[in-house]
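**Student:** The structure's right below; bear with me while I get my questions together.
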Amino acid sequence: MAEPGEDAAAAAAAASTKYVLITGGVVSGLGKGVTASSVGVVLKACGLRVTCIKIDPYLNTDAGTMSPFEHGEVFVLDDGGEVDLDLGNYERFLDVTLTRDNNITTGKIYQSVIEKERKGDYLGKTVQVVPHVTDEIKQWIQSVSSVPVDGQTRPADVCVIELGGTVGDIESMPFIEALRQLSFSLGKDNFCLIHVSLVPVLGVVGEQKTKPTQHSVRELRALGLTPDLLACRSAQPLIGSVKEKLSQFCHVPVENILNIHDVPNLWHVPLILRNQKVHEAIIKQLNLGRSAGPPELRDWTQMAESYDDLKNSVKIALVGKYTNLTDSYLSVVKALLHASVACSLKPSIQWIAASDLEDATATSAPDAHAKAWETLKGSSCILIPGGFGDRGISGMILAAKYARENKVPYLGICLGMQISVIEMSRNVLGLKDADSEEFNSETPFRVVMYMPEVSKTHMGNTMRLGCRRTFFRRTDCLTSKLYGSPEHVDERHRHRYEVNPSFVAMLENAGLHFVGCDESGKRMEPEPASTYEQVVELQDHPFYIGVQFHPEFKSRPRRPSPPFTGLILAAAEYMGTPANNSNGHVGTSE
């Protein structure tokens, strides 16, 4: 990141940007990210330009080394940033392209402060949390908020900031203090605070309880921040007396108490907020009346309601390593949703733990093994997403083999593509010991190898990351057609291993065609040994595609990812259900 606060022009631009801060109380997991995204959608529908920042108070510099079981998926941005999954929500809802600097962590802030201290930037002063860390946070926020994320040159009108965690967490205190200072220096007409809280219903009493929210707001006020709006999460809509009680004890006007109750799908959340006039409250608070008009959400409304009206569904077997926490594959789930809705189908994801398919499980847990195979065979398509480590790999190979032999539509993403290469090498080429160097470095048949330019000693930010160009060797291949027959596509990557070019010719002769490669493969013959294969297709199969990149990261509700749309169309044909591709063609090159 450029040194925050050093550029006078950026500081002046940031001064014209208004801020909406989203905080959370009572418990984590209330949906602050969806709330922030939905507020952004409504403000954008009013004609305002919106950017987003996610603050994560953990000491990691980024999410790249965090376990999917603990933190959910790692979302990858165009610039290679490995960030919190909430930034994926922002990109999908607002259709913007964020950068790694839009995700602020305690690790990044302290790293920047320590680097400045080592350079002598503090002129020998004692470096403290206040003012040096808090100043760094404020400068970072104002610098990032001035960077356009929608392809235009002017800074955004509004920056929505989501503070991760729960008010009162010790690790978020420096951010709370920095935001308090920022609020004071900017003034009330430049800063709006929305506090997301929980209004639970106790099963015994059956009454909506306001006390948790009262305590949460009290703690927030004790830290120097006063909410302008309350966003109350509940299972059912709040009754009028509850809103009046919250208003009285939280010092928030009744009309500024929003209720985000459970809905059939998340696309309804912006509509709920619009119906409760969240835009009017924010526009009034931020004095944006001259820049904003009434929200235009007809297209969004049609999208949300059309999903509710869908009758037919498609069963998708997702064979993965982290199926116990579905957020581990959040972008994959959203990409399947976008593609299915575009085909007038509801996605019915069948979660299969890859290890349950393995032969060893038939002995140790026969019921789980039988159920996994029954689920796999009852699905209309199979998807194997990315992952790391050797757990469950044998099960994935068996799933890929089943898809190949039974002509079940198959999409392999990153690791899923490598699995298809290993499976073909073992069961078609007869190389029984074929494997990835990640799982068996001693095998004589390393059909998937470590990328030579990648560090073997450091884990964080050392992979092939970010948006890369993939060239199609033939524009008449199925994958190219799905994208609209371009010469190349730009998709995001996150991997350390790639197909070993020494085995490509053998696999091609066996029917696994390598139809996409990186820029090195565009050179004239002879092709360099370092050509990285990016796309594979199996001949004489209705749909069997593997991609080294992660197309799910660029899928949008109105622009579904072409490989996912192709999978759903093939699944619909496989199960004999008519599918309506509402996009006309499947996708376009970006």
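**Student:** With both partners inside the chain, how many of the DSSP beta bridges are antiparallel, as a percent to the nearest 5?
**Tutor:** Restricted to the chain, the bridges split so that about 35 percent are antiparallel.
**Student:** Continuing with this model, one more query. What accessible area per residue comes out for the range 35-166, rounded to a whole number of Å², with a 1.4 Å probe? Don't skip to the end; give the middle numbers.
**Tutor:** On the way: 4530 Å² over 132 residues.
Accessible area per residue: 34 Å².
**Student:** In Å, what is the Rg of the alpha-carbon atoms in the range 150-235, and how long is Dmax?
**Tutor:** Just the Cα atoms of the range 150-235 yield Rg and Dmax of 15.9, 56 Å.
**Student:** Cα axis of helix 330-342 to longest principal axis of the chain: angle in degrees, 0 to 90, nearest 10?
**Tutor:** Once rounded, one gets 80 degrees.
**Student:** Mean separation of Cα pairs under 8 Å and 6+ residues apart, divided by the residue count of the chain: what relative contact order is that in percent?
**Tutor:** In percent, rounded to a whole number, it is 14.
**Student:** Return the sequence-ordered ³J(HN,Hα) values of the range 314-321 in whole Hz as given by the Karplus equation 6.51 cos²θ - 1.76 cosθ + 1.60 applied to θ = phi - 60°, using x for Gly and Pro.
**Tutor:** After applying 6.51 cos²θ - 1.76 cosθ + 1.60, I find 10, 8, 10, 7, 9, 9, x, 9 Hz.
**Student:** Suppose only helical runs count, i.e. DSSP H with n ≥ 4. What mean residue ellipticity at 222 nm does that imply for the chain under -39500 (n - 2.57) per run, divided by all residues and rounded to the nearest 500 deg cm²/dmol? Provide the component values of the computation, followed by the final result.
**Tutor:** On the way: 20 runs with 209 residues, N = 590.
Roughly -10500 deg cm²/dmol at 222 nm, from the helical runs in the chain.
**Student:** Let me know the whole percent of all Cα-Cα pairs from the range 45-138 that are separated by more than 18 Å.
**Tutor:** Details: 2282 of 4371 pairs.
Considering the range 45-138, 52 percent of its Cα-Cα pairs are separated by more than 18 Å.
**Student:** Something else about it: How large are Rg and Dmax for the range 16-305 when calculated on the C-alpha trace, in angstrom?
**Tutor:** Here Rg and the maximum Cα pair distance are 18.7, 62 Å.
**Student:** Now for a different question. Can you give the log10 of the normalised intensity I(q)/I(0) at q = 0.09, 0.12 Å⁻¹, computed with Debye over equal Cα scatterers of the chain?
**Tutor:** -0.75, -1.23
**Student:** Helix 393-406 against the longest principal axis of the chain: what's the angle in degrees, Cα atoms only, rounded to the nearest 10?
**Tutor:** Once rounded, one gets 60 degrees.
**Student:** Tell me which of Tyr110, His513, Ser425 sits at the most positive position along the dipole axis of the chain, charges placed on C-beta atoms (Lys, Arg +1; Asp, Glu -1).
**Tutor:** Tyr110
**Student:** Can I ask one more? Ratio of the range 359-499's C-alpha Rg to 2.2 N^0.38 Å, to two decimals?
**Tutor:** Against the compact-globule rule of thumb, the ratio is 1.17.
**Student:** Now for a separate question. In degrees, nearest 10, range 0 to 90: what is the angle between the Cα axis of helix 415-427 and the longest Cα principal axis of the chain?
**Tutor:** 10 degrees
**Student:** Could you look at the chain and say what percent of its accessible area is carbon and sulfur, using a 1.4 Å probe and all protein chains?
**Tutor:** 50 percent
**Student:** Additional query: Restricting to Cα pairs below 8 Å that are 6+ residues apart, what does the relative contact order work out to for the range 260-407? Please round to a whole percent.
**Tutor:** Numbers: 164 pairs, mean separation 36.5, N = 148.
Relative contact order of the range 260-407: 25 percent.
**Student:** Run the Debye formula on the Cα coordinates of the range 246-402, all scatterers equal and no solvent, and tell me log10 I(q)/I(0) at q = 0.17 1/Å.
**Tutor:** -0.99
The values are calculated or read from the model by the stated rules, or taken from the named source; none is laboratory data. On a predicted model such as this, the values are computed, not experimentally measured, just so you know. Cβ atoms come from the backbone with ideal geometry, glycine included; neighbour counts cover every protein chain shown. Side chains included, ligands, DNA and RNA excluded: accessible areas come from the protein's heavy atoms. Shrake-Rupley method; radii C 1.70, N 1.55, O 1.52, S 1.80 Å.
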